[in-house]
Each structure stands twice: as structure tokens, then as C-alpha cells.
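The values are calculated or read from the model by the stated rules, or taken from the named source; none is laboratory data. Source: prediction; values computed, not measured. Ideal geometry is used to build each Cβ from the backbone, glycine not excepted, and the neighbour counts take in all protein chains shown.
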Amino acid sequence: MNDPVCKMPVNDKSAFRSEYKGKSYLFCSKQCKEKFDKSPEAYAR
Ligand SMILES: [Zn+2]
């Protein structure tokens, strides 16, 4: 799975994750998670 914010590959066991519209998204870092949480519609596929 890839980080939807920065497009980097992310380990499935990443501690940084969010749910949006019933889907889980993983992030490489807290910074990317926070960006996603602010405007998930801009990043969710
Ligand atoms: Zn990232």
C-alpha cells in the first residue's frame, strides 16, 4: 500500500493510519496523516 499523501510505499504495519468512508489509509509519518485528516477528500481514491 502507498501513502496517499506523498505516494511513498508504506509498510502495512505502519502506526499511522486513518479511516475515511470505510476505507483504511496508511501513512509514512504523522505529518502525512495530519495532512490527510485535514482534507481527506483531496487524497482519498
Ligand atoms: Zn508520507
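Remarks
- Among the residues of the stretch 5-24, the one identified as under 13 Å from residue 41 (Cα atoms) and near the ligand (Cβ under 10 Å from one of its atoms) is 5.
- Contact map, the stretch 1-16: first residue in a loop (DSSP other than H, G, I, E, B), second residue among the hydroxyl-bearing types (Ser, Thr, Tyr) and more than 8 Å from the ligand (Cβ to nearest atom), Cβ cut-off under 7 Å, separation 6 or more or different chains; pairs are 4/25; 4/43; 5/43.
- Residue match in the stretch 30-41 (condition: outside any loop (DSSP other than H, G, I, E, B), without any contact (Cβ under 8 Å) to a residue 40 or more places away in the chain, loosely packed, with under 10 Cβ neighbours inside 10 Å and among the charged types (D, E, K, R)): yes
- Of the residues screened, residue 45 is not one that is surrounded by fewer than 16 Cβ atoms within 10 Å (Cβ to Cβ) and within 9 Å of the chain's Cα centre (by Cα).
- In the stretch 6-28, the residue that is modelled with the highest pLDDT out of those that are polar (S, T, N, Q) and under 9 Å from the mean Cα position of the chain (by Cα) is 18.
- Residues that are assigned to a loop (DSSP other than H, G, I, E, B) and either hydrophobic (A, V, I, L, M, F, W, C) or touching an Asp or Glu at 6+ places or on another chain (Cβ under 6 Å) (or both), drawn from the stretch 17-29: 28
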